[in-house]
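Presented below is the structure to which this report refers.
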Amino acid sequence: MNTGAPAGRLHGRVVLLGVTGSIAAYKAVELLRRLAAEGASVQVLMTHSAAAFVGPLTFEALSNHPVLRDPLELLPDGRIAHVVAARAADAIVVAPATAHWMAAMANGLAGDAITATCLAAEAPVVVAPAMDAGMYAHPATAANVERLRAFGYRIVEPATGALASGLIGHGRLAEPEIIVEAVIAALGATVRHGRDLAGRRIVVTAGGTAEPIDPVRYIGNRSSGRMGASIAEAALDRGATVTLIVGQTSVPLPPGASIVSAPTTAEMRAAVLEALPGADVLLMAAAVADFRPSRRAPTKLTRDQAPVLELEPTEDILAEAAQVARRRHPRPVLVGFAAETGSLARAEEKARRKGVDLLVANDVLEPGAGFAVDTNRVTIVTPGQVPEPWPLMSKRDVADRLLDRVASLLAAGRPADRGDVAASASATEVPQ
Ligand code: CTP
């Protein structure tokens, strides 16, 4: 019988929900409810300490499945329970994830049902940490989080807010709806897209460029490179061949990409123009310096030589790449990024000026949308169309959604824009 009820975005999917021993374990009950409301069949896995916070019976009653707690557990037919669960899973979400659990997972220690299952699984894994702010900021935890990212796990950054300790800090479990979106996006990347970018050559720039003042000092910016690295990682997952041109970065770069180091704007320009002829797509996520010192001191300036810096504008790499791209048929898809402060009013004019298909604009003063955070709230600006604000998402999820757009532009072929018409009339090069 058709009830007319919407199927839900997780309809027919098996999602394993791993709950570890944090005070936020009670919030996993709401997460379970929301996953089920999206149509998922949810099985809960718990560590023994999680069971001290919330009784397994609560999860069993709400999920209609027994809770798996012991990596040594066998099913009645003798099969190993966590291996069966791992094989059945379409996605695994660990929420809340404690510092201890992440340390065990980062080191492949299979002492609890969740780590054992993740080790045996091929499904995408989403991890939502929750702990005291000091614990989250500790270099050991930070290193473990980066290690999990390097496995391809998606980290849903904790929020800043009231913690169980009574303190305010960065360590509060992300809201259930954000975690559900991350699960849907993780599944989307593997199930929905498959390898839809196989055979495509994608060039991504990431990080900030640095313009030398002398051999030691430079003018730089706060870009971490995470947005560009996430795009590269997502494109690789979808089968693309990726060249990642990087300035200064402070995040791990995906191992499957071909990495080109380009510390200055001039070097990045050269690298982009060299990579462009073979590319289907250029995504300029780098924070490129707009000015550089007109002169670079050959030796380190001393204290008594405090300079008055004279700056000159740098080359606009994207605008130049767009000029070159217009002479090619089919023209590569061009995506620009614009980090604005306070308003996105200039974004459409910028998209036109740069000659891009899409401009991904964000206001870096907004909470969760700036540098060195794992989330972003972006607005997609397409010349001639109404700007499209996207909700707050992890940078990896923004990357996948953006690649959806890129994939449809590639599939549709690139329509000639006004620039194409003007350029083709005066082009001296034979289109390739
Ligand atoms: N960009 C570039 N070369 C530059 C500066 C920026 O290729 N010299 C690229 C960035 O990588 C980004 C896009 O252009 O994809 C927009 O960058 P943004 O700094 O916002 O634009 P600007 O041209 O610097 O414009 P304005 O300074 O007026 O904001």
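The values are calculated or read from the model by the stated rules, or taken from the named source; none is laboratory data. Predicted model, so just to flag it, every value in this text is computed and none were measured. Here Cβ is always computed from backbone atoms with ideal geometry, including for glycine, and neighbour counts include all displayed protein chains. Accessible surface areas use protein heavy atoms only, side chains included; no ligands, DNA or RNA. Shrake-Rupley method; radii C 1.70, N 1.55, O 1.52, S 1.80 Å.
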Checklist entry - Would the stretch 394-402 turn up any residue that is modelled with pLDDT of 90 or more and either on the phi > 0 side of the Ramachandran plot or open to solvent by 50 Å² or more (accessible area, probe 1.4 Å) (or both)? => result yes
Checklist entry - In the stretch 312-333, which residues are touching a residue at least 40 places away in the same chain (Cβ under 8 Å) and within 13 Å of the ligand (Cβ to nearest atom)? => result THR314, GLU315, ILE317, GLU320, ALA321, ALA322, GLN323, VAL324, ALA325
Checklist entry - Mind checking which pairs have a first residue in the stretch 258-271 that is in a helix (DSSP H, G or I) and at pLDDT 95 or above and a second that is within 13 Å of the ligand (Cβ to nearest atom) and open to solvent by 80 Å² or more (accessible area, probe 1.4 Å), Cβ under 9 Å, 6 or more apart or different chains? => result THR265/ASP290
Next on the checklist: Against the definition (in contact (Cβ under 8 Å) with a residue 40 or more places away in the chain and in the same structural domain as ALA150 (by TED's automatic domain parsing)), how does ARG69 come out, yes or no?
Outcome noted: yes
Checklist entry - Can we say GLU349 is over 24 Å from the mean Cα position of the chain (by Cα), assigned by TED's automatic domain parsing to the domain that holds ALA270, in a helix (DSSP H, G or I) and over 20 Å from THR382 (Cβ atoms)? => result no
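Listed here are the residues, each with its yes/no results for (1) within 10 Å of the ligand (Cβ to nearest atom); (2) over 24 Å from ILE184 (Cα atoms).
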| position | (1), (2) |
| --- | --- |
| ALA361 | yes, no |
| GLU366 | no, yes |
| PHE371 | no, yes |
| THR375 | no, no |
| PRO389 | no, no |
| LYS395 | no, no |
Checklist entry - Residues of the stretch 226-241 being of a type in the set (Gly, Ala, Ser), without any contact (Cβ under 8 Å) to a residue 60 or more places away in the chain and over 18 Å from GLU157 (Cα atoms), which ones? => result ALA232, GLY239, ALA240
Checklist outcome for this item: In the stretch 334-349, anything near the ligand (Cβ under 7 Å from one of its atoms) and buried (at least 18 other Cβ atoms within 10 Å of the Cβ) is listed as GLY336, PHE337, ALA338, ALA339
Checklist entry - Which one of the conditions (1) outside any helix (DSSP H, G or I); (2) farther than 30 Å from ALA306 by Cα does ASP214 fail to meet, given that it meets all the rest? => result (2)
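Residues are listed down the side, and each one gets a yes or a no for (1) exposed (fewer than 14 other Cβ atoms within 10 Å of the Cβ); (2) out of contact with any Ser or Thr (no Cβ under 6 Å at 6 or more places or on another chain); (3) among the hydrophobic types (A, V, I, L, M, F, W, C):
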{"residue": "ALA162", "(1), (2), (3)": "yes, yes, yes"}
{"residue": "HIS170", "(1), (2), (3)": "no, no, no"}
{"residue": "ALA186", "(1), (2), (3)": "no, yes, yes"}
{"residue": "VAL216", "(1), (2), (3)": "yes, yes, yes"}
{"residue": "ARG226", "(1), (2), (3)": "no, yes, no"}
Item to check | Filter result (farther than 30 Å from ALA185 by Cβ and within 30 Å of the chain's Cα centre (by Cα)) within the stretch 25-81 | outcome: none
Item to check | Subset of the stretch 254-270 [of a type in the set (A, V, I, L, M), crowded, with 20+ Cβ neighbours inside 10 Å and within 16 Å of the ligand (Cβ to nearest atom)] | outcome: ALA262, MET268
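Taking the conditions exactly as written (within 31 Å of the chain's Cα centre (by Cα) and farther than 23 Å from ILE155 by Cβ), does ALA103 satisfy them or not? Please lay out each step first, then the result.
Details: within 31 Å of the chain's Cα centre (by Cα): yes; farther than 23 Å from ILE155 by Cβ: no.
The answer is no for ALA103.
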Next on the checklist: Please verify whether GLY368 is open to solvent by less than 50 Å² (accessible area, probe 1.4 Å) and part of a strand (DSSP E or B), treating the condition exactly as stated.
Outcome noted: no
